[in-house]
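Since the structure comes first, as structure tokens, the remarks are kept for the end.
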Amino acid sequence: MIQTVSTTINGEECELAVAGYRSLLDALRNEGGLTGTKKGCDVGDCGACTIMMNGKPVNACLVLAVEAEGATIETIEGIQAAPDQPSLLQEKFMAHGGAQCGFCTPGIIMMAKALLDENPDPSEHEIRFAISGNICRCTGYTKIIDAIRATADEMKRGRAL
């Protein structure tokens, strides 16, 4: 049975027509056309599908689309300052080489955003803990941590996330 889910995605109210068993990840990618959120393991282990739901990071593969009724969703596409202008966090990932193949990057950036929203000056240990649910097979995490730390440093100077 197809259900209509009314939600706000990246600041825009929308309705998605989805089957009751459909994951939010699949609905965002297929019905919503938001392919920045990646489908990795599809069982909640890799973090590639991390999004913000009602201000908290979640693995979109573990949420049914119907559970998003009335929710506020933010995906990687929604954190850009403007359509052709990356966010501060995205800028720092590029500047510090925090992405190689790029597959895990959207999920890690969303988790880093959640961390920096809550704690704008995290320690390296706090950064490592925050992204521990996101698997990257390419970078070894050092450049990712550098990018998040550089973002926090810029935020201390008054730049918005």
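The values are calculated or read from the model by the stated rules, or taken from the named source; none is laboratory data. Here the structure is a predicted model, which means the values were calculated and not measured. Neighbour counts run over all protein chains shown; Cβ positions are idealised from the backbone, glycine included.
Looking across the range 1-38, the residues that are surrounded by 13 or more Cβ atoms within 10 Å (Cβ to Cβ), more than 12 Å from the chain's Cα centre (by Cα) and charged (D, E, K, R) come down to ARG22, ASP26, ARG29, GLU31.
Could you grab me the full set of residues in the range 110-144 that are in a helix (DSSP H, G or I) and among the acidic types (Asp, Glu)? I'd like the intermediate steps shown before the answer.
Of the residues in the range 110-144, the ones in a helix (DSSP H, G or I) are 110-118, 124-130, 142-144.
Within the range 110-144, ASP117, GLU118, GLU124, GLU126 meet the criteria.
Examine the range 62-81 for a residue that is within 20 Å of ARG137 (Cβ to Cβ), surrounded by fewer than 17 Cβ atoms within 10 Å (Cβ to Cβ) and charged (D, E, K, R), and state whether such a residue exists. The answer is no, given that none of the residues of the range 62-81 is within 20 Å of ARG137 (Cβ to Cβ), surrounded by fewer than 17 Cβ atoms within 10 Å (Cβ to Cβ) and charged (D, E, K, R). When the strands (runs of 3 or more DSSP E) confined to the range 11-109 are screened for residues that are in contact with a Cys (Cβ under 6 Å, 6 or more places away or on another chain) and modelled with pLDDT under 95, none reaches at least 1 such residues. Among residues of the range 133-161 that are crowded, with 16+ Cβ neighbours inside 10 Å, those with a beta-carbon under 6 Å from a residue that is aromatic (Phe, Trp, Tyr) at least six positions away or on a different chain give the pairs ALA147/PHE93.
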